Amino acid sequence: MELPIQRAIKATSSLSVRRQCREPRRCLLAQQLHTTPSKEATPVAHPTVPGPPPQAPQAAATHPQDRVARKRQIAETLRQNQQAKINPSKPTTILRKRFWKDVHVKETASGYEVHLDTRPVRTASRQVLCVPRNKKALAGAIAIEWDQLVSAQQAIKQHFIPLTSLTSRAVDIELSDAQFGPSANQIRERVVEMAMRYLGTDTLLCWAPEKNIHDPYEQQVAKSLRQRQREVAEPIIAYLTSHVFPGVEIVPILGEDSIVPRPQPEVTRQVISGWISGLPPYELAALERGVLATKSLLVAARLLVEWSSHFSELQRDTSDEGDTKIERNHRFDIEKAAEAANLEVLHQTERWGEVEDTHDVEKEDVRRQLGSVILLVG
């Protein structure tokens with residue numbers, strides 16, 4: 001016969017079990033459904049492939065002669081494929097045929113025109129591409145572009161005719177200024193808006209932190225990345241604030257220990273925006289190409305001022321008398337502009353090496369675009 005205390009304990013324990021069983025997971029723990037041991041997975045036999053085992057992977061060629069030979073072989077294969085696809089004697093479409101034989105520059109009353117036999121080269125808006133009389137070298141370079149084309153299909157792709165597309169952009173801006181006026185030119189407004197957006201994250205002003213705790217190799221180099229960036233950027237900023245934007249303050253975007261961008265003063269933004277809005281059509285088109293190539297408004301402006309005939313009063317004397325060689329060596333040229341734009345990549349590739357067909361191609365492409373800027377305004 002159970003005592004009252006034993007009955008009370010038994011009722012309490014059964015009540016706690018019922019409360020636990022209200023939750024499914026705890027109920028499963030309280031009640032064991034089965035005690036059957038788990039079975040191991042049945043092993044599956046590996047598929048058999050007839051033939052010998054594959055060879056071990058071979059290391060890629062690292063000698064410069066091997067790389068040059070491989071690139072020459074690739075270039076020869078591309079040339080053969082191009083000749084096989086584009087046969088002028090048997091064109092599949094009219095665009096695959098080169099309908100002109102001779103390319104020459106014709107001097108007119110308004111400037112220089114590039115003619116394909118008797119037809120002048122036109123812009124995308126069907127306007128005759130006429131280069132000013134003080135830019136004869138630009139007209140000759142455009143003629144060389146068209147003389148190297150093997151089909152009319154290549155003429156509709158901008159990377160085959162970069163100088164033609166850049167000059168067409170300048171001509172369109174010039175025609176729009178004549179039609180609507182510089183203050184109401186929508187093309188000019190879009191270029192100014194784009195350039196000012198790049199000023200907020202200008203490559204020349206984005207300096208690396210002074211100390212990088214995540215990079216143990218940073219202490220082994222003679223100069224940190226931030227020191228190199230300052231040595232390149234400070235002369236450019238000093239020149240611009242002294243000659244181009246006098247009296248304005250251009251501050252670095254990133255601090256020594258911060259990754260939060262810092263905006264430029266409002267007065268600086270207004271002065272630079274007004275300077276861009278007042279550029280002539282050819283200088284404005286060149287600035288646009290330079291900004292897109294370097295991701296830096298300041299580097300593009302420095303290169304433009306150094307080579308444009310519109311800013312001849314700000315350029316150094318490069319006459320044949322005196323210290324001409326010294327003056328020309330101090331000019332802000334393509335190499336200096338490319339170094340200022342890609343200093344961070346250059347700093348990394350000097351330590352870790354270049355990625356073949358990537359860094360070398362990008363380096364030459366930046367120089368090609370900066371060369372087109374100088375040729376357009378020189």
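The values are calculated or read from the model by the stated rules, or taken from the named source; none is laboratory data. On a predicted model such as this, the values are computed, not experimentally measured, just so you know. In this analysis, Cβ positions are derived from the backbone assuming ideal geometry, glycine residues included, and neighbour counts consider all displayed protein chains. Accessible surface is based on the protein model in full, side chains and every heavy atom, while ligands, DNA and RNA are left aside. Shrake-Rupley method; radii C 1.70, N 1.55, O 1.52, S 1.80 Å.
Condition check ((1) crowded, with 16+ Cβ neighbours inside 10 Å; (2) among the charged types (D, E, K, R); (3) at pLDDT below 90) across all residues:
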position: Lys135; (1), (2), (3): yes, yes, no
position: Leu138; (1), (2), (3): yes, no, no
position: Ile142; (1), (2), (3): yes, no, no
position: Gln148; (1), (2), (3): no, no, yes
position: Gln154; (1), (2), (3): yes, no, yes
position: Thr167; (1), (2), (3): yes, no, no
position: Asp172; (1), (2), (3): yes, yes, no
position: Gln179; (1), (2), (3): no, no, yes
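Scanning segment 237-268 for residues that are of a type outside the set (Gly, Ala, Ser), free of Cβ contacts under 8 Å to residues at least 40 places away in the same chain and in a helix (DSSP H, G or I) gives Thr241, Glu266, Val267, Thr268. Restricted to segment 216-236, and to residues there that are assigned to a loop (DSSP other than H, G, I, E, B) and open to solvent by 40 Å² or more (accessible area, probe 1.4 Å), the residue that is modelled with the lowest pLDDT is Val221. Applying a threshold of 6 Å to beta carbon distances and a minimum spacing of six or more residues, or different chains, the list of pairs starting in segment 181-202 at a residue that is touching a residue at least 12 places away in the same chain (Cβ under 8 Å) and under 21 Å from Arg262 (Cβ atoms) and ending at one that is of a type outside the set (Val, Ile, Thr) and assigned to a helix (DSSP H, G or I) reads Ala195/Leu297; Met196/Ser273; Tyr198/Leu297; Leu199/Leu297; Asp202/Leu297; Asp202/Leu298. Residues of segment 305-317 that are hydrophobic (A, V, I, L, M, F, W, C) and closer than 16 Å to Ala238 by Cα: Val305, Leu314. All conditions but one from (1) surrounded by fewer than 22 Cβ atoms within 10 Å (Cβ to Cβ); (2) at pLDDT 85 or above; (3) hydrophobic (A, V, I, L, M, F, W, C) apply to Ile326; the one that does not is (2).
Could you list, in sequence order, the residues of segment 173-183 that are farther than 22 Å from Gly140 by Cβ and more than 24 Å from the chain's Cα centre (by Cα)?
If the condition is that a residue be farther than 22 Å from Gly140 by Cβ and more than 24 Å from the chain's Cα centre (by Cα), then Leu175, Ser176, Asp177, Ala178, Gln179, Phe180, Gly181, Pro182, Ser183 are the ones that fit.
Considering only residues in segment 334-366 that are basic (Lys, Arg) and surrounded by fewer than 17 Cβ atoms within 10 Å (Cβ to Cβ), the one that is farthest from Gly290 (Cα to Cα) turns out to be Arg351. Just for segment 248-261: of the residues that are open to solvent by 50 Å² or more (accessible area, probe 1.4 Å) and in contact with a helix residue (DSSP H, G or I) (Cβ under 9 Å, 6 or more places away or on another chain), which one is modelled with the lowest pLDDT? Out of the qualifying residues, it is Glu256. Within segment 118-133, the set of residues being open to solvent by 40 Å² or more (accessible area, probe 1.4 Å) and among the polar types (S, T, N, Q) comprises Thr118, Ser125, Gln127. The condition (being at pLDDT 95 or above, over 23 Å from His330 (Cα atoms) and hydrophobic (A, V, I, L, M, F, W, C)) is satisfied by just one residue among Leu284, Leu298: Leu284. Taken residue by residue, segment 102-113 has no member that is closer than 26 Å to Arg367 by Cβ and open to solvent by less than 20 Å² (accessible area, probe 1.4 Å).
Of the residues making up segment 269-296, just one is open to solvent by less than 10 Å² (accessible area, probe 1.4 Å) and in contact with an Asp or Glu (Cβ under 6 Å, 6 or more places away or on another chain), namely Ser296.
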